[in-house]
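J.: One structure, as structure tokens, below. Some questions next.
Every read-out reported here was derived from the displayed coordinates using simple, explicitly stated rules and does not represent laboratory data. Note that the coordinates shown come from a computational prediction; the quantities given were computed from them, not determined experimentally. Glycine also receives a Cβ, built like all others from the backbone with ideal geometry; neighbour counts cover every protein chain displayed.
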Amino acid sequence: MDSRSFLGLTRIGDSSRFSMPVDLRISTGGYFMYGGAGLGSCISALETVSQRNLVWATAQYLSFAKTDEVVTIEVTLAVNGPQITQGRAVARVGEREILTVNAALGDRNFVAVGQFLKVPTAPAPDLARAREHRSEVSGTIHDSLEQRIVKGRTLDQLDGTLSDGNVVMWVQIPALIESVDATALGILGDFVPMAVGQAVGLAAGGNSLDNTIRIVKLVPTKWVLLDIYIDAIERGFGHGRVNMFAEDGTLMAIASQSCKARKWKN
């Protein structure tokens, strides 16, 4: 299975429009589409229409797509240059706009390359503990992703004390047979809200306001190591970033988000 099949994304003929049912497996325990699935589907649509590789994409989340609704995505290529395409994708349910994604796509040659972010030290995924999930709803995105904590607190350890704001975890999409691509990284980069509760030691998380992903280099890998940092929580909002590494230590992407911080309901 590739990332588009995982999402259930279908192109409508040869047009620039796509359709995606919001199945439970790409939904949260609150029965709405997982934000990373929204960004990932728009990335797939943009790459398909432009026939170019993603450089960066930024999503603004405007509303929720509920489980069992159908999302339609329309791609517009605003500028199509010899090396770079600038475009946007708008996802809707009926007339209701769910999210808007702006993006740049393309590849260029340059005389030098370099990776300056260092991969954190981490045991192999099978040696890290499985992440606990508070939701009792089965079959959601939490079951679609396998998550193993390298650095982070258990639910019982959320005692109201502040941490250093850093969570490290391995994540994979078991259903993917093909290697991780930009679409899959869009799905996997939506973990800043999860780390909000870890940072402040509360049973808390958040709802994403945005999500920006910058693709560095794609290499074959099954697992992705997420090095998550909460930079600040103020005025009811959390702000953070995620460095995304392949199993061989290659920096594949950098993501960043702001979210509405909120405590979980008992």
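J.: If we count every other residue with Cβ under 14 angstrom of Arg235's Cβ, Lys/Arg +1 and Asp/Glu -1, where does the sum land?
T.: That works out to 0.
J.: For the stretch 184-266, what ratio Rg/Rh do Cα atoms give with a Kirkwood hydrodynamic radius?
T.: On the Cα set of the stretch 184-266, Rg over Rh gives 1.02.
J.: Over the alpha carbons of the stretch 1-156, what is the largest minus smallest coordinate on each principal axis, giving the biggest first in Å?
T.: For the stretch 1-156, the Cα extents along the three principal axes come out at 52, 47, 28 Å.
J.: Here's a follow-up. Restricting attention to the alpha-carbon atoms of the stretch 1-67, what are Rg (one decimal) and Dmax (integer), both in Å?
T.: Radius of gyration, then largest Cα-Cα span, for the stretch 1-67: 12.1, 35 Å.
J.: When the convex hull of the Cα atoms of the stretch 136-233 is projected onto a plane and the area is averaged over all directions, what value comes out in nm²?
T.: 7.0
J.: Determine the gain in length on full extension of the stretch Ile12-Leu158; use 0.36 nm per residue of separation and subtract their C-alpha separation, reporting nm with one decimal.
T.: Stretched out fully, the Ile12 to Leu158 stretch lengthens by 47.9 nm.
J.: Equivalent ellipsoid semi-axes for the stretch 35-92, as square roots of 5 times the alpha carbon gyration tensor eigenvalues: give them largest first, rounded to whole Å.
T.: Calculated on Cα positions only, the semi-axes equal 23, 10, 10 Å.
J.: Quick one: dipole size for the chain, taken about the Cα centre, charges +1 on Lys/Arg Cβ and -1 on Asp/Glu Cβ, in debye to the nearest 20.
T.: 420
J.: At Leu127 and Arg262, where each label point lies 7 Å from the Cα along Cα→Cβ, what is the point-to-point distance in nanometres?
T.: The answer from the label model is 4.0 nm.
J.: In addition: Full-extension gain between Ser19 and Gln115, please, as 0.36 nm times their residue separation minus the C-alpha to C-alpha distance.
T.: 30.9 nm
J.: With a point put 7 Å past each Cα toward its Cβ, work out how far Val137 is from Asp2 in nm, to one decimal.
T.: Distance between the two pseudo-spin positions: 3.0 nm.
J.: Same structure, new question: Based on the mean of other beta carbon atoms within 10 Å per residue, what is the order of 69-78, 196-205, most packed first?
T.: Those peptides, ordered most packed to least, come out 196-205, 69-78.
J.: Please sort 34-44, 13-23, 184-194 by packing, taking for each peptide the average over its residues of neighbouring beta carbons within 10 angstrom, highest first.
T.: The packing order, highest mean first, is 34-44, 184-194, 13-23.
J.: Of Val111, Val90, Val22, which is farthest on the positive side of the dipole of the stretch 1-142, counting Cα position, with +1 on Lys and Arg Cβ, -1 on Asp and Glu Cβ, and the Cα centre as origin?
T.: So the residue furthest toward the plus end is Val111.
J.: Sequence neighbours fewer than 8 away in the same chain don't count; with that in mind, list the lysines whose C-alpha is under 30 Å from Lys263.
T.: Those lysines meeting the cut-off are Lys66, Lys151.
J.: For the chain, what percent of Cα pairs sit more than 24 Å apart?
T.: 46
J.: Can you show me the helix-derived [θ] at 222 nm for the chain, built from DSSP H runs with n ≥ 4 at -39,500 (n - 2.57) apiece and divided by the number of residues, rounded to the nearest 500.
T.: When only DSSP H runs of four or more count, the value is -4000 deg cm²/dmol.
J.: Taking the 0 to 90 degree range and rounding to the nearest ten, how far is the long axis of helix 35-50 tilted relative to the main principal axis of the chain, both from C-alpha atoms?
T.: Between the helix axis and the principal axis of the chain, the angle is about 20 degrees.
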